[in-house]
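S.K.: Dropping the structure in here first, questions after.
What follows is calculated from the coordinates using simple rules that are stated; it is not laboratory data. Just so it is clear, the structure is predicted and the values come from calculations on it, not from any experiment. Cβ atoms come from the backbone with ideal geometry, glycine included; neighbour counts cover every protein chain shown.
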Amino acid sequence: MKKIDLLRNTFTNKDLFDQALTHRSWVNEHKGVRESNERMEFLGDAILEYVVSKEIYDNFPDKEEGYLTALRANLVNTHALAEIANRLKLGHALFLSKGEEDGGGRKNSSLLADTIEAVIGAIFFDRGIGAAEEFIQENILIDTKEKASKPLKDFKSRLQETVQAKGFSAPKYHVVEESGPDHNKKFIIEVLVNGVSWGKGEGKSKSSAEQEAARQVLTKKVQ
């Protein structure tokens, strides 16, 4: 049985799982069928931050706030959550509009990360905080020791150090696109080095989009 089927079978109310996979673009094409996953995502995001924060607070008692913040960011950033969504094969099951699908929505990291947060919210509604925490432990916190063993500087800091070591000026970031309602904004930000575009990133806030842009550059451009 596929991983996504196993996950769906844990739900008492399968409709909650379907809603967690429902993008607003699909709702626009299927009026009145069900709501999008945006409200679930909002709740799941808060639950995820709480559970991860408590876990690393308890398990790293000698670490300062700055370290805990960096470790949490490494565990729950867009890239990390999208990887989990891919591992669970959620992209194939998303309810998307044709336009969103044609635009690569099933592989969109930001959209996949949002879906993981919505799934957490759906699990909470279906079986409570204990089940949501169990999902987070098994799928997100499972990598805590590995992530803690790696450099925890955020992507922007690492990119700045890397490009300046190569003799370039510090990267600059600017907003290419801003869309969505206030409660669910989407930003696309471009990173420039010496006036040349080196990459773009997408996120729900300017800071997260900047981090994603820096990650893209570190992954693909800077060796």
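S.K.: Of all trypsin sites (Lys or Arg not before Pro) in region 1-96, which ones are in loop regions per DSSP and have a Cβ with at most 12 other Cβ atoms within 10 Å?
M.R.: K2, K31
S.K.: Quote the convex hull volume per residue of region 155-220, based on C-alpha atoms, as a whole number of Å³.
M.R.: About 66 Å³ per residue, rounded to a whole number.
S.K.: Related question: Ranked from highest to lowest mean number of other Cβ atoms within 10 Å per residue, what is the order of the peptides 132-139, 121-128, 163-170?
M.R.: 121-128, 132-139, 163-170
S.K.: If you look for lysine pairs in region 155-220 that are eight or more places apart or on different chains, how many of them have Cα atoms under 14 Å apart?
M.R.: Step by step, the pairs that qualify in region 155-220 add up to 11.
S.K.: Another question about this same structure. Rank S179, S208, G167 by how far each Cα sits towards the positive end of the charge dipole of region 155-220 (+1 on Lys, Arg Cβ; -1 on Asp, Glu Cβ) and give me just the farthest.
M.R.: G167
S.K.: Then there is this: Which semi-axis lengths, in whole Å and largest first, follow from the square roots of five times the eigenvalues of the Cα gyration tensor of region 54-152?
M.R.: Equivalent ellipsoid semi-axes, largest first: 28, 17, 10 Å.
S.K.: Placing +1 at every Lys and Arg Cβ and -1 at every Asp and Glu Cβ, with all other atoms neutral, what dipole size does the chain have around its Cα centre, in debye to the nearest 20?
M.R.: 740 debye
S.K.: Something else now. Give me the percent relative contact order of the chain, please, defined on Cα pairs under 8 angstrom at least 6 residues apart.
M.R.: Over the chain, the number comes to 19 percent.
S.K.: Count the net charge of all other residues whose Cβ sits under 15 Å from the Cβ of G130, scoring Lys and Arg as +1 and Asp and Glu as -1.
M.R.: Residues near G130 contribute -3 overall.
S.K.: For region 155-220, what is the charge dipole size about the Cα centre, in debye to the nearest 20, if Lys and Arg each add +1 at the Cβ and Asp and Glu each add -1 at the Cβ?
M.R.: 200 debye
S.K.: Grab every C-alpha pair in the chain, bin the distances at 10 angstrom width from 0 up to the longest one, and report whole percents.
M.R.: Bins of 10 Å from zero give 8, 31, 34, 21, 6, 1 percent of pairs.
S.K.: Cross-chain or 8 or more residues apart, Cα under 20 Å: how many lysine pairs in region 3-148 fit that? Count them up, please.
M.R.: 14
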